[in-house]
Amino acid sequence: MPSSIKKQIETLREQLRYHAYQYYVLDDPDIPDAEYDRLYKQLVALEEEHPDLVTSDSPTQRVGSSPLTAFEQIQHQMPMLSLDNVFNEEDLQAFDQRIHDRLNIDRVDGDSEIGYTAEPKLDGLAISIRYEDGELIYAATRGDGTTGENVTQNIRTLQSVPLRLLGDDYPQVLEVRGEVFMPKAGFDALNKKAKQAGEKEFVNPRNAAAGSLRQLDPAITATRPLSLYCYSTGIVEGGAEGNGLADTHYEILQQLKGFGLPVCSEIKKVSGVKSCLAYYEDILKRRDELPYDIDGIVYKVNDIALQNRLGFVARAPRWAIAHKFPAQEEVSRVVEVDFQVGRTGAITPVARLEPVFVGGVTVSNATLHNMDEIRRKDIRVGDQVIVRRAGDVIPEVVRVVPGSRKKQLPEIQMLSACPVCGSAVEQIEGEAVARCTGGLYCKAQRAEAIKHFASRKAMDIDGLGDKLVELLVEQELIHDVADLYQLTAEALASLERMGEKSAANLVAALAASKRPKLSRFIYALGIREVGETTAMNLANEFRTLKAIQTSEYESLLEVQDIGPIVAQHIVNFFQQPHNIEVIDKLLAAGIEVQEVEKRDPSELENSDFAGKTVVITGTLPTFSRGEAKDRLLAAGAKVTGSISVKTDFLLAGDKAGSKLNKAEKLGVTVIDEATMLEMLG
Ligand code: 5U1
């Protein structure tokens, strides 16, 4: 066999390893996927022609073996440790103090000087992977820390795990430890597929990762979107000078990355407790934006010599600690189910819960979304349930705790009459949501409509909070949004807990809101499915309130982003006599809607943003995101919330996070505020 074939095969393998490294580890691919596929196919073809040249570390050999009947046990040569936890600053200070005490180091001015690394604590499964002479030999789960399960065949299917290390300066034996996890996007896609196929969905990314890794058939694991981040080493032998690894944890992680192993890019060096806490706060704030689930931060003493002096207690090192985030899921019990009526009459079932501390606050109400969801999750009053509160998202009941229902409980039924006004409840076929048919006769809908009218992105009436609106409606001081402008300081001051000053301030705020932009006014009216963007498009297209009010279905369809359903909602809204009455009352009360100046159509055509899709992320230096959005919409752009191949520009400010990464990956043009202003002219 010509040695040139062997050489060609080896070159292809090296190219594929390099490109996989650029893609999976550095997140910086330098060839298109199609080119990678072409190289891969070329290698497959050559290996098929020359089966004797196939080696187990070839990129084509990820799914090699047939299904197992059981996992073998593997004894860890060096135990896999776990971590002690802290939940607050006080306990973190105590951890840091213990380190000072053990190392005989004084705190300077009561503050810590210890150098730590701070890293996200991924919510997955711990794994140990052994390389010998750069080749992946085996991978084992943590198990009880001493003995784990041999999951080599499954770990080999993870594209981010190198079958052969890069370069040639790695130690002869290198065990790396890390976390196998399922990124959120992969988890969502996997569950979507399971749902479509009528299969059982995974409860969360952690369970999905565990279930995927513990498959006896590696071909199944290969279809699951699993990733790995390495966070430490186990046994290390041979290599240049000592074991060839650096003398700080941070640098060792950089070395691992250099060997082709994936390491989380959020890992930072910090000094002392204060910077640990600043890191914790920063990541906690960005937790929901990160592409993977995390449940806290791990701090590790950075200096390996100090780590060695500190040693271990039981199964946990003295030199590391996990600072846990408030749990996002907790167990509670459904005490009752109530039904809330929204602005558009939508009736939402809400679970009243035994109070539970979750996501950093005490939660006693959680949405059940709609009856379909209740049936799907089979939730009943009396059930023990998992409650989830992630970030600022409304708490929800995720599922019933399996096996917790000890006796038969009746199914929850939708009401036949609105709980607020008694009007009939209707459920249109094909819609998940049931609605009160009372319209503005219904006090709940009225209150919600008024809250929306007063909200920041609508008329922005300062001092008119939700509770006050409910009180005003309840006491029948107002019946519709126009009545707001008839309120006097005296009438307001007579309300419970309303001082004279607040009353006067509210009257002033109402007066100040009397010259709204057309788009804000349209948005404030609360027409179904007319959000800020649609309102802005309507304003730009029709320019006057009268023109929008009298617009016809067909001409509405011509407006950007308006389809048949929204067009019909708009027509219906302006056909209701009571809506026209309220608008007339508002105008009579002195509301002066600012019309949109007539623009030269070529002006929009010439705009760099006309017809372009823009996403905004991060904190901009001078504009709020809302202001930037208004400007972009006015220039003819469409502003959306998530990055896709259809996005033309990402307007990125400080702390741009995952959207910036995604934009860069998809080749979306990233601009800053200054560039936006330049482009707006
Ligand atoms: N990021 C990170 N997660 N994690 C988990 N580092 C880390 N270190 C761990 C564990 C169990 O253990 C160390 C003691 C190596």
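The values are calculated or read from the model by the stated rules, or taken from the named source; none is laboratory data. Remember, it's a predicted structure, so these values are computed and weren't measured experimentally. Every residue, glycine as well, gets a Cβ built from its backbone with ideal geometry; the counts of neighbours run over all protein chains shown. SASA here: full protein model, heavy atoms, side chains in, ligands and nucleic acids out. Shrake-Rupley method; radii C 1.70, N 1.55, O 1.52, S 1.80 Å.
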(1) open to solvent by less than 10 Å² (accessible area, probe 1.4 Å); (2) under 22 Å from G531 (Cβ atoms) all hold for H452 apart from (1)
For segment 1-25, pairs from a residue that is at pLDDT 90 or above to a residue that is open to solvent by 30 Å² or more (accessible area, probe 1.4 Å) and among the basic types (K, R), with Cβ under 7 Å and 6 or more apart or across chains, are R17/R164
If you go through segment 62-71 one residue at a time, do you hit one that is under 28 Å from H19 (Cα atoms), buried (at least 17 other Cβ atoms within 10 Å of the Cβ) and touching a Leu at 6+ places or on another chain (Cβ under 8 Å)?
yes
The correct count of residues that are out of contact with any Gly (no Cβ under 6 Å at 6 or more places or on another chain), outside any loop (DSSP other than H, G, I, E, B) and closer than 30 Å to K546 by Cβ in segment 486-522 is 12
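Taking segment 534-581 as the search range and keeping residues that are among the hydroxyl-bearing types (S, T, Y) and open to solvent by less than 30 Å² (accessible area, probe 1.4 Å), which one is farthest from V433 (Cα to Cα)?
So the residue we want is S551.
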Answer yes or no: is there a residue in segment 236-252 that is polar (S, T, N, Q) and either within 16 Å of the ligand (Cβ to nearest atom) or in contact with a helix residue (DSSP H, G or I) (Cβ under 6 Å, 6 or more places away or on another chain) (or both).
yes
Among the residues of segment 643-653, write down those that are part of a strand (DSSP E or B) and either among the acidic types (D, E) or more than 23 Å from V559 (Cβ to Cβ) (or both).
L650, L651, A652
Scanning segment 264-312 for residues that are within 30 Å of V161 (Cα to Cα) and among the polar types (S, T, N, Q), which turns out nearest to the ligand (Cβ to nearest atom)?
Q307
May I ask you to verify whether A637 is hydrophobic (A, V, I, L, M, F, W, C) and within 9 Å of V614 (Cβ to Cβ)?
yes
Tell me, which residue of segment 313-359 that is assigned to a loop (DSSP other than H, G, I, E, B) and within 16 Å of the ligand (Cβ to nearest atom) is surrounded by the most Cβ atoms within 10 Å (Cβ to Cβ)?
W319
Would you say Y231 is open to solvent by 30 Å² or more (accessible area, probe 1.4 Å), within 14 Å of the ligand (Cβ to nearest atom), closer than 25 Å to P79 by Cβ and in a helix (DSSP H, G or I)?
no
Does segment 178-207 hold any residues that are under 17 Å from the mean Cα position of the chain (by Cα) and outside any loop (DSSP other than H, G, I, E, B), and which are they?
F181, K184, A185, G186, F187, D188, A189, L190, N191, K192, P205, R206
One residue is enough: does segment 635-642 have a residue meeting the conditions closer than 29 Å to S555 by Cβ, surrounded by fewer than 17 Cβ atoms within 10 Å (Cβ to Cβ) and at pLDDT 90 or above?
no
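Filtering segment 140-155 down to residues that are more than 16 Å from the ligand (Cβ to nearest atom) and assigned to a strand (DSSP E or B), which residue is surrounded by the fewest Cβ atoms within 10 Å (Cβ to Cβ)? Break it down into steps so the answer makes sense when it comes.
Of the residues in segment 140-155, the ones more than 16 Å from the ligand (Cβ to nearest atom) are 147, 149-155.
Pick out the ones that are also assigned to a strand (DSSP E or B) and you get 147, 149-150.
On the way: T147: 15, E149: 18, N150: 17.
Only one residue fits best here, namely T147.
Quick check on my filter: what residues within segment 654-680 are in contact with a helix residue (DSSP H, G or I) (Cβ under 9 Å, 6 or more places away or on another chain), assigned to a loop (DSSP other than H, G, I, E, B) and open to solvent by 20 Å² or more (accessible area, probe 1.4 Å)?
Matches in segment 654-680: K655, G657.
Can you tell me how many residues in segment 648-668 are small (G, A, S) and at pLDDT below 85?
Qualifying residue count, segment 648-668: 3.
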Since R206 meets every condition but one in (1) among the charged types (D, E, K, R); (2) surrounded by 16 or more Cβ atoms within 10 Å (Cβ to Cβ); (3) away from the ligand (no atom under 16 Å from the Cβ), which condition does it not meet?
(3)
